[in-house]
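Everything below concerns the one structure shown next.
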Amino acid sequence: MSRRFTPKVVTANALIEGDVVWLTEDDRWTRTMSEAELIDDEAHAEIRLLDAQRQANIVVGAYLADARAGEEGPEPTHFREAFRTRGPSNYAHGKQVEA
Amino acid sequence: MYSYTDFDEAFVRERVSQFRHQVERRINGALTEDEFKPLRLMNGLYLQLHAYMLRVAVPYGTLNPTQMRQLAYIAERWDKGYGHFTTRQNIQFNWPKLKDVPDILDALADVQMHAIQTSGNTIRNVTADHFAGAAADEIEDPRPVAELLRQWSTDHPEFQFLPRKFKIAVTGSPNDRAVTKAHDVGLRMVRNAAGEPGYEVIVGGGLGRTPMVGKVIRDFLPKADLLPYIEAVVSVWNLLGRRDNKYKSRIKITVHENGLEKIRDLVEKRFNTLRPEFGDVDQALLREIEAQFAAPAFVKRSTDAYEQARATNAAFRSWTDTNLAAHKAEGYAIVSISIKKHGATPGDATAEQMRIMADLAERYGHSELRISHEQNVNLPHVHKSDLPAVYAALREADLATANIGLVSDIIACPGMDYCALATARSIPIAQEIATRFDELKLEHDIGPLKIKISGCINACGHHHVGHIGILGLDRAGVENYQITLGGDGTEDAAIGSRTGPGFPAEEIIPAIERLVLGYLDMRETPEETFLDAYKRLGMEPFKALLYPPENKANAA
């Protein structure tokens, strides 16, 4: 039996800047995770991942990351994905200080 | 130090130009990421968690002030004003943009530096004893040989698609400060019965998921045979090394699976073929390189000012006690500049600090700087009479922390604050341990103690050879830290042993504190180091400190 599908977001790194981006429902790449499309359906997730991977001139290394619905929108469930929304913990660099 | 020939210059410029066009083709869509990735890795460019990362080679850890200033310039112009010195004597920039990288590489080429073969399945940057050319215990400066190896391995047509990466370390001293036994090939200079210098060749060491102490494949290799012999080692592994499984591809596994005897026989056979083909060309080249590494013109001067400053300034005395090492020239010292201020990120220097270190090297240090695998910077040749001035300038720049070799002189990989491979963070653990022991004001009492932290099993933070090693893992979605004890990165190399279950992040600092305070109670004399106490007492008493009965339920 396959494991139950848990909600996902499509995420990647921007080709030029290298920073973290998420795929939105209206096919934009956002730098704010809460704007990402939260995907509940496994088949739809695979299609959205293919959509992302096709955009190789914009993003690198697209994958499906676990997420859950929060008040503002999708939120990370794993600490690695949480760090990707913020940046490093030793300096105020990255997303935690960039609007 | 070595200065590029016209050939080197043309080669490096050509590579930058090629990479510039490769980046253009990637951005305009002519190259896919799958096509581009091996090309960027060949030029030291990784994609990490939050950004690209450029790893720049500092060959055998040697820099001149002009190069250090250029690193500062790059940090300010294209990064966030700092650089990270690594355990392989490289410097990493954590925030470059893809489109800027060709310009950064050109800026490096302007000062005879590059990022070639700092990644990929090639022979990587050759590391060396950071005290090379200065250490009192040295037989010969190992850097000419390291430079020869760099030239030979760079773009070597046979060795561009090896089974996996290949790392060489070399030391000219019997006391190993270059962790040679944890490298694919380690070279340790020794003398034979006739008093001639040559190399003990160690093969198959490595850390990572299968840590192994290297084995001696040749106990004495004459200096003149070095290059054909190393070529024989690499070519034997290139054929035998496993390409079916990247976890079994390193030479340590090849040696383990085939046995040292078989590898030795194959290497000797291959060496016998290669030796005559080399003729004397490598030795002729080596002689030219050696001339460029001539020792500076050391002067004889009084050291009274130094002795006087030591007698009157306790902070200076403390710094000289921990941050100096014995120099081969009378009146000189090797200065270790700690890039480990309590609470700061191990190995990170700001552009401003880089410039100050460059200025000090120029003014007081015969224009030489070194990067150590312990993520510190050295001024290898400072006359003792200049030390009060050097210390005052370092203090001004927040670089005078007197902690070399002590509990807060921690090696830490970038961990999950930056690295895409990491399973947990390393830097905050290092920061908290250093801060805690600074509060306790005990680190000088504790004495020599090496804590090394890796944020994943690949062991960039050398945790296996830490007296106390810490490995960060992901345990069911939570950061968890395993402790090893008794590791040793010197000529007596040993892999540390796991103490037991790991600790969550909030419990790892108290656990380390219990270990170290417990050691203070158990040591026989103040001279007995943590490692010596561990060797005498074994694991059990340290385990009892880590896992007291009432806490047992909490350890994950």
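None of the figures in this text is laboratory data; all of them are computed from the coordinates on show. If you're wondering where the values come from, they're calculated on a predicted model, not measured in any experiment. Counting neighbours? That spans all protein chains shown, and the Cβs are built from the backbone with ideal geometry, glycine included.
Points worth noting:
- The B:Glu24 and B:Asp137 beta-carbon pair, evaluated with R₀ = 51 Å, returns a calculated FRET efficiency of approximately 0.50.
- When the Cα convex hull of the stretch B:353-485 is projected onto planes of every orientation, the mean area is 9.3 nm².
- The simple Förster model, with R0 at 35 Å and r as the Cβ-Cβ distance, assigns B:Lys223 and B:Phe161 a FRET efficiency of 0.75.
- Peptides ranked, highest mean first, by Cβ atoms within 10 Å: ranges B:526-535, B:190-199: B:526-535, B:190-199
- Hypothetical label at B:Val190: residues of the stretch B:162-179 whose amide nitrogen lies under 14 Å (7 Å Cα-Cβ projection): B:171-176
- Lysines with Cα under 20 Å of B:Lys248, excluding same-chain neighbours fewer than 8 positions away: B:Lys165, B:Lys167, B:Lys181, B:Lys215, B:Lys262
- Lysines whose Cα lies under 18 Å from that of B:Lys80, excluding same-chain neighbours fewer than 8 positions away: A:Lys95, B:Lys97, B:Lys99
- Quarter of the Cα convex hull surface for the protein assembly as shown, i.e. its orientation-mean projected area (nm²): 31.4
- Label-zone membership for the stretch B:193-216, site B:Asp265, 7 angstrom Cα→C-beta point, backbone N under 20 Å: B:203-204, B:215-216
- D by Stokes-Einstein for the stretch B:429-551, Kirkwood Rh over Cα pairs, 10 °C, 1.306 mPa s: 109 µm²/s.
- Furthest towards positive pole of dipole, A:Leu50, B:Phe271, B:Phe503, structure part the protein assembly as shown, Cβ charges: B:Phe271
- Counting, for every residue in A:82-90, the Cβ atoms of other protein chains within 10 Å of its Cβ and taking the mean gives 6.
- Mean ellipticity per residue at 222 nm, deg cm²/dmol - from DSSP H runs of n ≥ 4 across the protein assembly as shown, formula -39500 (n - 2.57): -11000 deg cm²/dmol
- Rel. contact order, % - alpha carbon contacts under 8 angstrom, at least six apart, the stretch B:142-292: 21
- Antiparallel %, DSSP beta bridges [both residues in the stretch B:411-551], to 5: 70
- Kirkwood hydrodynamic radius (C-alpha pairs) into Stokes-Einstein, chain B, 4 °C and 1.567 mPa s, D in µm²/s: 54
- Of interest is the spacing of the C-alpha centroids, which for the stretch B:432-463 and the stretch B:339-370 amounts to 21 Å.
- Highest average first, the peptides B:454-466, A:69-81 ordered by how many other beta carbon atoms sit within 10 Å of their residues are B:454-466, A:69-81.
- Eligible lysines near B:Lys384 by straight Cα distance, threshold 16 Å, same-chain separation 8 or greater: B:Lys300, B:Lys328
- By the beta carbon rule, with partners counted only under 4.7 Å, chain B holds these lone Cys residues: B:Cys419, B:Cys456.
- Summarising the amide proton neighbourhood of B:Tyr199: residues at separation of 5 or more, or on other chains, whose placed amide H is nearer than 5 Å comprise B:Val190, B:Leu221, B:Lys223.
- Expressed to the nearest 5 percent, the antiparallel share of DSSP beta bridges inside the stretch B:167-255 is 75 percent.
- Inter-chain Cβ neighbour count for B:417-426, averaged per residue, equals 3 (cutoff 10 Å, partner chain atoms only).
- Approximate spin-label separation B:Arg13-B:Glu527, in nm, with each point projected 7 Å along Cα-to-Cβ: 5.9
- If you take the alpha carbon atoms of the stretch A:8-87 and fit the smallest convex hull around them, that volume is 78 Å³ per residue.
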